[in-house]
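The structure under discussion appears below in the form of structure tokens.
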Amino acid sequence: MRKILLTLPVAALVLGTAAYADGMETVKARQDYFKSLGGSMKAMMGVAKNYDAEAAKAEAAKLETLLATDVGPLFAPGTSDADFPGESDAKASIWANMDDFGAKGKAMHEAGAAVVVAANSGDAAAFGASLQKLGGTCKACHDDYRVPE
């Protein structure tokens, strides 16, 4: 019986460490995804400044691929800034307001789809306007659900 009691804290530590590692992997994957999305936005802003229809199409295709990613698993409960202080920029309020957070995500996807359509049309003005709208959806979510930098 004594051996069992002595191994329980060790088992709890091992399981806790594994849960922490899983959570940290999720945080890292989420950060990597959004860094890629930010990189795509930056590249498209450069294209919009010096419009090149073929470059717009190419960058929009990359955006379309990114937006096809199922990000649901990247927002697993227990991966907020409260759970990983200094590591995660996701506010805990995401999980308390999942309907609003989801609506903001849907708006981002719709704006992203409009960027793709505009890029494929070859219309520089439409591309720039749709890109601004997409940026606005990013800002709206960051304002409410991301820890300020």
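Remarks
- Residue-level analysis places residue 139 among those that are more than 18 Å from residue 29 (Cβ to Cβ), free of Cβ contacts under 8 Å to residues at least 60 places away in the same chain and of a type outside the set (Gly, Ala, Ser).
- Considering residues of the range 107-149 that are among the small types (Gly, Ala, Ser) and within 18 Å of the chain's Cα centre (by Cα) only, the residue farthest from residue 87 (Cα to Cα): 113
- Among the residues of the range 103-119, the one identified as under 15 Å from residue 66 (Cα atoms) and basic (Lys, Arg) is 106.
- Identification of helices (runs of 4 or more DSSP H) wholly contained in the range 58-149 with 1 or more residues that are closer than 16 Å to residue 47 by Cβ and small (Gly, Ala, Ser) yields 98-121, 124-145.
Any read-out appearing in this document is the output of simple, stated calculations on the displayed coordinates, not a laboratory observation. Just so you know, these numbers come straight off a predicted model, no measurement behind them. All Cβ positions, even for glycine, are placed from backbone atoms using ideal geometry, and neighbour counts span all protein chains on display.
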